[in-house]
Amino acid sequence: MRILYGIFAQGHGHFSKAAVLLPLLEASGHEVRVVSSGADKPPAGYNFPWHRHFPGLSYVVTNGRTDYRKSVIKWARETPRVMGHLWKLRSLVREFEPDIILSDFEPLTASPFLSANCEVVALSRQVALFDRSIPLPDEMGFERKMTRTAVRLFTSGADRLYGYHYEPASFRCVPPVIRTELSGVQPEDGDHIFVYNQFHTSDGGSAEELVSWARRNRQMVLAYGFSGVERGRQGPVEFRPPHRQGMLDDMRTARAVITTAGLSTPLEAFLLEKPVCTVPIPGHWEQVVNAFHLDVAGIATRSNTWDYDRLLDTAPPSPDHALYSWLRTPAKNILNYILDDGPLEVGPSKRELAA
């Protein structure tokens with residue numbers, strides 16, 4: 001099967017899922033071509049055999065906050081240029097003749113103007129925020145409307161829509177993609193806490209406040225994120241450079257994990273049986289929703305501030321958590337479900353893994 005895979009190039013999240021799914025598709029004999037778009041260039045470390053990037057639509061972010069008004073104005077100005085890229089993509093599609101298009105919130109590959117002559121499947125976390133069967137927090141009503149409007153725009157040409165979600169709350173829900181290496185990792189109880197903070201601004205989230213807290217409590221900390229902070233040790237806190245495997249190793253041996261409310265990191269910490277707190281980026285509605293859903297599902301405790309004392313009081317997840325099998329679903333099973341449109345085979349229970 002020939003597959004065109006679309007990636008929205010803002011942040012690492014969409015690329016990290018592609019890094020799991022694409023090798024599985026290729027190992028199954030599919031021919032895959034990758035198209036990404038966005039103002040950001042593709043992040044380093046993600047190399048695909050065939051990849052074309054187009055400058056395209058992206059959100060305006062200021063101090064970690066999505067500015068929806070500025071984003072809409074920017075999109076209106078960039079529409080003529082984006083349409084030009086869409087016509088170039090149409091030529092690529094006519095030459096490649098894909099059997100199916102998988103679009104991870106990428107607006108060109110899910111555009112109704114692409115005229116791909118094949119099925120288009122929108123597969124992203126954002127689709128779950130669009131589904132009215134899935135409850136959403138009441139806060140940030142304007143941002144909620146703007147995000148749902150953007151989801152409609154970025155998936156308007158899709159024939160089927162699936163949203164990564166923490167539980168099977170709707171027929172559109174599929175389990176979040178977890179990296180394959182996680183299944184072979186054995187958690188250990190260490191002495192350090194793991195901190196991932198993309199933006200160290202207010203609400204107790206600065207590097208200085210973390211170091212001060214760690215010194216008062218004589219607590220070892222391994223910290224990621226903290227843009228602009230020099231890498232290395234400051235007292236009991238070691239600020240480490242971004243490293244995919246290094247972050248996994250440090251979570252595996254952590255005492256507890258506190259992180260911003262992205263899709264993957266809180267879930268991986270939960271599957272590693274760690275107490276988890278999430279702190280949504282202020283003004284970032286998608287992170288507010290993630291934190292809400294994680295808290296409701298009993299996966300991670302939501303905190304509106306970087307409250308490290310609360311983290312230490314947080315209990316680890318129950319070994320009999322009802323969503324364990326759903327969240328352990330192998331990525332290969334998710335792909336089989338999407339491509340074959342058959343039943344979804346969820347992951348093993350803890351008892352089955354132990355056996």
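Scalar couplings 3J(HN,Hα) for the range 212-218, obtained by applying the Karplus form with A = 6.51, B = -1.76, C = 1.60 to θ = phi - 60°, are 4, 5, 4, 5, 4, 9, 6 Hz; x denotes Gly and Pro.
Counting DSSP beta bridges with both partners in the chain, what percentage is antiparallel, nearest 5? In the chain, DSSP labels about 10 percent of beta bridges as antiparallel.
Put simply, the amide H of residue 196, placed in the peptide plane, has neighbours under 5 Å in 224, 258, 259, 260, leaving out anything fewer than 5 places away on its chain. Residues 274, 41, 332, 70, ranked from the fewest to the most other C-beta atoms within 10 Å, line up as 41, 70, 332, 274. Taken over the Cα atoms of the range 120-259, the convex hull encloses 161 Å³ per residue. Considering Cα pairs under 8 angstrom that are at least six residues apart, work out the relative contact order of the chain and quote it in whole percent. After rounding, I find 13 percent. Remark: the range 16-33, residue by residue, has Karplus-estimated 3J(HN,Hα) of 5, 5, 4, 5, 8, 6, 5, x, 5, 5, 5, 5, 8, x, 7, 8, 10, 10 Hz, where x stands for each Gly or Pro and the curve is 6.51 cos²θ - 1.76 cosθ + 1.60 at θ = phi - 60°. Taking the three principal axes of the alpha carbon atoms in the range 181-313, the coordinate ranges are 36, 35, 27 Å, sorted in descending order.
List the relative contact order of the range 181-313 as a percent without decimals, with contacts defined as Cα pairs under 8 Å and 6+ residues apart.
Relative CO of the range 181-313 lands at 24 percent.
Scanning the chain for chymotrypsin sites (Phe, Trp or Tyr not before Pro) that sit in a DSSP loop and have at most 16 other Cβ atoms within 10 Å, the longest stretch containing none of them is 172-355.
Any read-out appearing in this document is the output of simple, stated calculations on the displayed coordinates, not a laboratory observation. Just so you know, these numbers come straight off a predicted model, no measurement behind them. Methodologically, a virtual Cβ is constructed for each residue, glycine included, from the backbone with ideal geometry; neighbour enumeration extends over all protein chains shown.
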